[in-house]
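Take a look at the structure below.
The values are calculated or read from the model by the stated rules, or taken from the named source; none is laboratory data. Quick caveat, the model's predicted, so the values are computed rather than measured. For neighbour counting, all protein chains shown are included, and Cβ atoms are generated from backbone atoms with ideal geometry for every residue, glycine included.
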Amino acid sequence: MAQHLRELVASATPGTRLPGARELQRRFGVAPLTVQQAVRSLAAECLVDVRPGAGTFVAAPTRERRGGDLAWQQV
């Protein structure tokens, strides 16, 4: 199920709402805890934004943070 959600996120635009927990439970025949764990793992990877009471949405791509020029600190 988590792999299916990753594929869904990869093909969707940021801000797209994902199917709700009950829909995912019916679709995959899994327990609520399984859905929660899958969504939690996607959130930990910054692939989705979970908004309590509103749903789960595809997250905007994160930019890699580039460190500043620290050459001046080298001795």
Does at least one position in segment 6-17 carry a residue that is loosely packed, with under 15 Cβ neighbours inside 10 Å, in contact with a Phe, Trp or Tyr (Cβ under 7 Å, 6 or more places away or on another chain) and polar (S, T, N, Q)? yes
Residue count, segment 34-46 (criterion: closer than 12 Å to residue 3 by Cα and within 8 Å of the chain's Cα centre (by Cα)): 3
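Conditions tested, residue by residue: (1) surrounded by 10 or more Cβ atoms within 10 Å (Cβ to Cβ); (2) closer than 30 Å to residue 24 by Cβ; (3) at pLDDT 75 or above; (4) touching an Asp or Glu at 6+ places or on another chain (Cβ under 7 Å).
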site	(1), (2), (3), (4)
39	yes, yes, yes, no
51	yes, yes, yes, no
61	no, yes, yes, no
72	no, no, no, no
Among all residue pairs at least 6 apart or on different chains, which show Cβ distances below 7 Å where the first residue, located in segment 6-31, is over 17 Å from residue 51 (Cβ atoms) and modelled with pLDDT of 90 or more and the second is exposed (fewer than 14 other Cβ atoms within 10 Å of the Cβ) and not acidic (Asp, Glu)? 25/32
